[in-house]
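Student: I'd like to ask you about the structure that follows.
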């Protein structure tokens, strides 16, 4: 007995007695709760070991997730239950210390900045100006080349595509589109020959080629020669945000943008009749050459895709 | 008594009363002087309320994001070089795609636990931002942002903004058909900024869309720059929280000048560690059983292809909804275009929403003229105007969230897209004006009801032997009683007494 007591350390609990209710567990039956928690933690440990085994044998992803997630979950529940039901239940309190310091401290702090620092700067205005100016200039100088070298200037790139006078319209495989290829009412995505496999070709030059029946079609002013034999081509870039106008409603003769549901009437100059797109899809002037291939008369006459500041 | 015991005891005595721990702390304190601060940190009191765990969910999802993100970065290749896929996922065999997409498919199928890590990462991101939003709502509706905590509110709003940006950047990295479309839209939104939009877009993307710079740039922003800033801000958020101490709800023994709850060590530490394990565990279970973002089904990005029913992750949906329902009001004049149909919903509107969030503490102070520091929280019902204002903003944003699926709604209910569009336009504009008075009324009625926020005990009616009926209040609920103990300071083990002495009153002995 005396042997054991040597191993004890007696400490003051500043007024709290051993049997103080604050220091008791919240559980009414701590032995039972301890057993339940032990069981919970054991399930967690078993699952974690199972995770290791599952990883070792390269089991299916769901097995890995189930064992790891389940294991961590049970360990977490056990740990929280231990804290909640078996540790001192409290409640405990602590005083807040006032964050604000004394007025003297504040004055001394402000004085140190204003008087000491201000005095130095006031006496040596030129030096202060030079240091400040130099650092400011460094900031500007560092910023300018950094920004400038991030990318090329836009210049005219947004105003042009790779369609030229005489470009052959080819599909994604590079096959030239012949006048006999499309049945009335069908549609194909075309590119100027040579760009069909390039990023820029797919992102900027993409064009929908539709063969319309001549009924109901309204030719826009100045575009009388742009759609030979019912072949008509519009930029595939939505004028709202540049998504490809990838859905074609053949019955309604509408091109639909799946991103924000702008709809363009292909029978009437691709004028938007629904949704947030503000402009018609630009039309590409076409002609059919002597061999019967679809070619472009020129580039688009306006920038394709979404709006931007420099666009008129 | 065996020799072994003697040796053990003499070793212990050589180390001092607190053994190895004490020795290590002595060494540390000699160099850093941490004992005093460390002790008071262990005694720090954390108030108990379920709503205080929302921020913890955010914190621990962030930890999961960092851990799973490091794993993913070991296998992901941020390159738009074109490769031909010959991996283990046969439906894509022989297709040409960017290295970024190919490496994402590979880490999903060929790397052990890769798919689980990718799904956990995506789920954790969605949970992270969700928890931040709900945590922010808690702080807002309880007035926890008031003096002295305005700075921490500002840090929190910044964290939310950065999290949304980083979520979008990460979502873009696999370069699949759906995320590529998202990048295209982001490019067009930057392009829509008046005056400098084209320059901004060219500098961010290194040229016209798509270019080859965007994936490496998004990658380094996503894994280093933005998370680095966020880590610093999360630390600042925590340091301010410790320095200013927690807010607490009013209750027995709770005043503006104290904090009542459980001490940091060991109770809170055990609880919060357990909670971290649960958050991680639930994320892993979601990663295991709830498929998210199956990029191998979408296929690689091709700017001229698109998928139907394209929607961004949930936290971007309110912007997508705004873009869908805003009218086609492009402004042309003096040879210039301002694409208002994009600028207003996607640039100005989010700027206003987050600007309002930043400005709210100052705005409220201007209205209430309340400049006193507050450590006790409001119940949402006790500030009906603030509560109603918050509910009104949430109502409008929820409607925008719903508006991001106009096409799905129209298909599902077999109604015309036009009807859905106009319904959403009306709902977005009208819902705040409906939500405000309803929330105001509910809050002020709740506030007017006496004893709101407390469970009422039953009235027990008994009949006496004389036949008289007597109503008496039933005793309080057992778990209410448990909290009715007056709070006490954390026990301080301040004075050690030699063991052989008989303990006095107020002195206890414990087993070491």
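Student: Quick one: Cα centre-to-centre distance for the range B:265-327 and the range B:161-175, in angstrom?
Tutor: 11
Student: A further question on this structure: Roughly what would the spin-label model give for residue B:457 and residue A:28, points 7 Å off Cα along C-beta, in nm?
Tutor: Taking the two extended label points, one gets 1.7 nm.
Student: By its C-alpha gyration tensor, with a ≥ b ≥ c as the square roots of the eigenvalues, how is chain A shaped: rounded for a/c under 1.5, else prolate for a/b larger than b/c, else oblate?
Tutor: Taking the square roots of the gyration eigenvalues as a ≥ b ≥ c, chain A is oblate.
Student: How shielded is B:113-121 by partner chains, expressed as the average number of their Cβ atoms within 10 Å of its Cβ atoms?
Tutor: Mean inter-chain Cβ contacts per residue within 10 Å come to 4.
Student: Assuming R0 = 56 Å, what is the FRET efficiency of residue A:106 and residue B:23, from their Cβ-Cβ distance, to the nearest 0.05?
Tutor: 0.85
Student: Between residue A:179 and residue B:162, what FRET efficiency comes out of the Förster formula 1/(1 + (r/R0)^6) with R0 = 45 Å and r the beta carbon distance, rounded to 0.05?
Tutor: Once the sixth-power term is evaluated, E becomes 0.25.
Student: What is chain B by shape, rounded, prolate or oblate, if you read a ≥ b ≥ c off the alpha carbon gyration tensor as root eigenvalues and call it rounded for a/c under 1.5, prolate for a/b larger than b/c, and oblate otherwise?
Tutor: Since a/c reaches 1.5 but b/c is at least a/b, the shape of chain B is classed as oblate.
Student: What is the spin-label model distance, in nm, from residue B:411 to residue A:18 if the labels are put 7 Å beyond Cα along the C-beta direction?
Tutor: 7.2
Student: Okay, next question. For chain B, what does -39500 (n - 2.57) per DSSP helix run (n ≥ 4), summed and divided by total residues, give at 222 nm, in deg cm²/dmol to the nearest 500?
Tutor: -18500 deg cm²/dmol
Student: Please find the FRET efficiency linking residue B:446 to residue A:135, where r is the Cβ-Cβ separation and R0 is fixed at 41 Å, and quote it to the nearest 0.05.
Tutor: My answer for the efficiency is 0.15.
Student: Roughly what would the spin-label model give for residue B:241 and residue A:273, points 7 Å off Cα along C-beta, in nm?
Tutor: Between residue B:241 and residue A:273, the label points sit 5.7 nm apart.
Student: For helix B:150-172, what angle does its Cα long axis make with the longest principal axis of chain B, in degrees from 0 to 90 and rounded to 10?
Tutor: The two axes meet at around 40 degrees.
Student: Now for a different question. Which of the peptides A:123-136, A:250-263, A:280-293 is most tightly packed, and how do the rest follow, going by the mean number of other Cβ atoms within 10 Å of each residue?
Tutor: Ranked from most to least packed, the peptides come out as A:250-263, A:280-293, A:123-136.
Student: Measuring from centroid to centroid over Cα atoms, what is the spacing of the range A:247-311 and the range A:59-127 in Å?
Tutor: Cα centroid to Cα centroid, the span is 57 Å.
Student: A follow-up question, please. Need one value for A:192-205: mean number of C-beta atoms belonging to other chains within 10 Å of its residues' C-beta atoms.
Tutor: 3
Student: If I fit a long axis through the Cα atoms of helix B:114-141 and take the longest principal axis of the Cα atoms of chain B, what angle between them do I get, 0 to 90°, rounded to 10?
Tutor: The helix B:114-141 is inclined about 70 degrees to chain B.
Student: When Cβ neighbours within 10 Å are restricted to other protein chains, what is their mean count per residue of peptide A:141-153?
Tutor: Mean shielding count: 3.
Student: For chain B, find the longest principal axis of its Cα atoms and tell me its angle to the long axis of helix B:99-109, 0 to 90°, nearest 10.
Tutor: 50
Student: Quick one: length gained pulling residue A:225 to residue A:99 fully straight, 0.36 nm per residue minus the C-alpha distance?
Tutor: Additional length available on full extension: 37.4 nm.
Student: To continue, here is another question. If neighbour count is taken as other Cβ atoms inside 10 Å, put B:461, B:204, B:83, B:420 in order from fewest to most.
Tutor: Lowest to highest Cβ neighbour count: B:461, B:83, B:204, B:420.
Just so you know, all these numbers are worked out from the coordinates, no wet-lab data involved. As the structure is a computational prediction, the values presented were derived from the model and not from experiment. In this analysis, Cβ positions are derived from the backbone assuming ideal geometry, glycine residues included, and neighbour counts consider all displayed protein chains.
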